[in-house]
Every structure is written in structure tokens, then in C-alpha cells.
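Scroll down for the structure; my scribbles are underneath it.
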Amino acid sequence: MKLVKMLVNDEPRWGILKDGKVDLLKKAPYEEIVESGERVDYDETKLLAPCDPTKIVAIGKNYYDHALEVNEPIPDNPTIFIKPSTCLNVHLGEVEYAPLSKRVDYEGELAFVVKKTAKKVSAANAAEYILGYTCLNDVTARDIQKSDAQWARGKGYDGFAPVGPILTDEVDPSAGIEISTYLNGELKQHSNTDKLMWNIPYLLEFITECMTLLPGDVVTTGTPAGIGPMERGDRVEVRIEGIGSLINVIK
């Protein structure tokens, strides 16, 4: 199932994407999958981020090659940080360059959206808490991140978490799916989810041991090597096999 969230008559609506058409739902999909009988054209809709997060929980340094490129030791446990819900941005949305920063980076990542309240979930039961997978760009003001004692400001600017365009349960990250990032059409990042240090079931268990995830929350799983700066006017694309391309412009 491929889910999308969009504006229909200025109202946020969820739907199921089928052959270029979207069958609208009566409710958010983590409440109940019930079609309303309404149908719209996918190409004529304004997409929203396919989630409703109270928080975006992110994992730092979850690919070995990325840990090495930033000259940091391999951690013993996942590194968790949180991006506020005001970071949320959309497919084809503009990302405002942080005015106090002199280096704003792309970080292409695989993310998932939580289906139901998750607290102290075991890895063995993780799948029943995941609504689907999507693309995310963990935009980062790198100089601010490095200068601060923690990452909240450098990672937390408004619009610094584009998500989308779709949310799908038709991919299996454990089987290995390709993830790539392009800057102005040039390939900058390329890896596979089989290179994650900690797999998604383990991440869900680790996160929910300390905090409760709510329906619509987003968990993003880390970026591979190849991070780099963007400039105003640049076009960045995060492309994940089986999901599609998340495209944004820096302004």
C-alpha cells in the first residue's frame, strides 16, 4: 500500500495511491483504513508530508562509512537526537538556508512512520508498529552543530526535515534497499540499508525503552557517507528504491 497526504479543497487528507489516482480515506491511516469513495488525480494534488509527528526521532552515525568520514568513533549504542515537529517540510518545498550558518548540509535517510502508540516494544514485534517507510532529508547547519555542545540548534531549524513524497509498506529494509542523494543532478551519497549498524527493529526497541512514540511520529535511521554542503538555489534529491524521490530547493 502506498499512502499519501495532500491538500484537498484546502483540507489535509490521506489517501491510497493507485495507478496515478488517489482514493481518499475517511481518517488518518493509523486510526483506520477506510476509503471515503472520493478519488483525485495524484498529479494535480499538493502533497504534504506523509506523517503527523509530535516529534522526529533521529539516529546519528548509523552507517559505518559516515562515522568514519566525520572522524568520530563507532558508538556502542545508537545516538538519538530529536528534531522538533516544526522542522517538517514537504516534497518540492523550499528549505530556507539557516541565516547564521555558513554551511548547511544534506543528509539523505530512510525514515518510517509509527502506526500506533509504542512503548517498550520488543524488536521481535517491531513490524506491527510501523505504518510505512519514506524518504527524509536531515538538513543540518553543520557549523552550528559542531560549535554547540549538542545538536538541537544545528538540526532544528524550521523546515529542516523534508519528508515524502509517499509512505509505503511495500519495501523491506532488512532485505537491502538502495539509498542515494543527488545535488543538482550529481550523485553524492549512495548506499544500501544492509549497511546499517543497527537495524530498524533494534532501533525501535532501543528508542521505546526510554520514550513513547505516538501515532504519526517519524523515526529516521541515519545517513550514509557523502554528506556535503548545499548553497542557495541548489536542488537536492533523496532517492530510495521502492519509495521514490524527495526533491527540495534551497533558498
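Please treat every number below as a calculation from the coordinates, not as lab data. Values in this document were obtained by computation on a predicted structure and should not be read as measured data. As a convention, Cβ positions derive from the backbone with ideal geometry for all residues, glycine included, and neighbour counts pool all protein chains shown.
Figures for the structure shown
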{"item": "Extension gain, K116 back to E170 (0.36 nm per residue minus Cα-Cα distance, nm)", "result": "17.6 nm"}
{"item": "Simple spin-label estimate for D194 and F206 in nanometres, 7 Å along Cα-Cβ", "result": "2.1"}
{"item": "Nonlocal amide H pairs with T140, under 5 Å, H built at 1.01 Å", "result": "D105"}
{"item": "Highest-fluctuation residue, G216, G159, G185 considered, GNM on the chain with Cα pairs under 10 Å", "result": "G185"}
{"item": "Part-to-part distance (alpha-carbon centres) for the range 177-205 and the range 14-36, which is given in Å", "result": "28"}
{"item": "Burial order of peptide ranges 45-54, 174-183 (average beta-carbon count within 10 Å, highest first)", "result": "45-54, 174-183"}
{"item": "Gaussian network model of the chain, springs between alpha carbon atoms under 10 Å - residue of K83, K61, K102 with greatest fluctuation", "result": "K102"}
{"item": "Simple spin-label estimate for D65 and T86 in nanometres, 7 Å along Cα-Cβ", "result": "3.6"}
{"item": "Peptide ranges 128-134, 88-94 listed from the most packed, as the mean C-beta count within 10 angstrom indicates", "result": "128-134, 88-94"}
{"item": "Contour minus Cα-Cα distance for E178 and T45 (0.36 nm per residue)", "result": "45.1 nm"}
{"item": "Cα-projected label distance for V34 with L187, points at 7 Å along beta-carbon direction, nm", "result": "4.7"}
{"item": "Potential lengthening between N9 and A152 on full extension [0.36 nm per residue; Cα-Cα distance subtracted]", "result": "47.9 nm"}
{"item": "Calculated FRET efficiency for the pair K102/K27, C-beta based, R₀ 51 Å, to 0.05", "result": "0.70"}
{"item": "Förster radius 25 Å - calculated FRET efficiency between D76 and T54, Cβ distance, rounded to 0.05", "result": "0.30"}
{"item": "Above-threshold pairs, the threshold being 30 Å between Cα atoms, out of K119/K155; K120/K146; K61/K102", "result": "K120/K146"}
{"item": "Förster-model FRET efficiency, 45 Å R0, E128 and R235, C-beta, rounded to 0.05", "result": "0.75"}
